[in-house]
Amino acid sequence: MSEMDDRVLAPRVRIMQIIACALITGVVVFLGFACYQVFVQRQGQPMAPIDGLPMISVVAVAMVAAGVVASFVAPTVMTRGALQKIAAGTFQIPQRIDPKDMATDFAKLLAVKQTTLIVGLALLEGPAFMRCIAFFLEAQALTLLIVAVPIVAMLLRFPTEGGVRNWLYEQTNQLQQLRQSGQWPSELR
């Protein structure tokens with residue numbers, strides 16, 4: 001990477017970190033609210049009596065499982081598609097962005113990284129909120145352990161400058177390989 005790329009990288013990573021912090025903090029604050037409501041306000045009792053299987057908790061477990069898998073698969077698929085478009089020269093610059101700001105592969109890849117990070121975290125955030133709601137309504141203690149899964153996965157995805165730099169390096173190499181081989185789907189040519 002060039003010196004110019006290095007000057008651009010740190011502020012963009014900081015933006016990614018702020019976004020990640022906001023998404024993680026939202027879940028943690030709502031979890032704290034749910035714990036307060038269940039343990040302090042209702043002395044550990046569910047909001048409504050549960051007849052048989054706690055369905056909201058069961059659905060929330062399925063959402064967490066699907067969300068964790070999707071949070072890693074979707075960004076990978078999105079990145080692969082973006083790489084193919086960049087290699088083919090068909091990458092679409094988002095509206096309200098000056099085309100000069102997206103003239104380099106580095107800038108395009110940085111935009112892809114930010115987008116895929118947000119998508120990956122959002123796919124974890126939704127199920128985490130669902131687990132908090134399940135705990136709030138059904139007061140199942142196991143729910144507190146399961147809500148930790150998406151929170152830990154979100155923390156593992158937290159962007160660092162070194163991590164983003166490594167990702168950019170890997171994607172740049174993949175992009176060069178794509179361009180050399182010319183192997184991208186025919187609809188992108």
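The values are calculated or read from the model by the stated rules, or taken from the named source; none is laboratory data. Bear in mind that the values here come from a model prediction, so they are computed numbers and not experimental data. Note: ideal-geometry Cβ built from the backbone for every residue, glycine included; neighbour counts use all protein chains shown.
Collect the residues in the stretch 146-167 that are surrounded by 14 or more Cβ atoms within 10 Å (Cβ to Cβ), closer than 27 Å to ALA107 by Cα and touching a residue at least 24 places away in the same chain (Cβ under 8 Å), keeping them in residue-number order.
Selection gives ALA153, MET154, ARG157, PHE158, PRO159, GLU161, VAL164, ARG165, TRP167.
Just to be sure, is GLN180 at pLDDT below 95 and under 30 Å from LEU124 (Cβ atoms)? Don't jump to the end; show me each part of the working.
Values: at pLDDT below 95: yes; under 30 Å from LEU124 (Cβ atoms): no.
No; evaluated as a whole, the condition is false for this residue.
Give me the pairs: first residue in the stretch 9-25 and more than 13 Å from ARG165 (Cα to Cα), second residue small (Gly, Ala, Ser) and in a helix (DSSP H, G or I), beta-carbon distance under 8 Å, and six or more apart or on different chains, which are they?
Final answer for the pair search is LEU23/ALA122.
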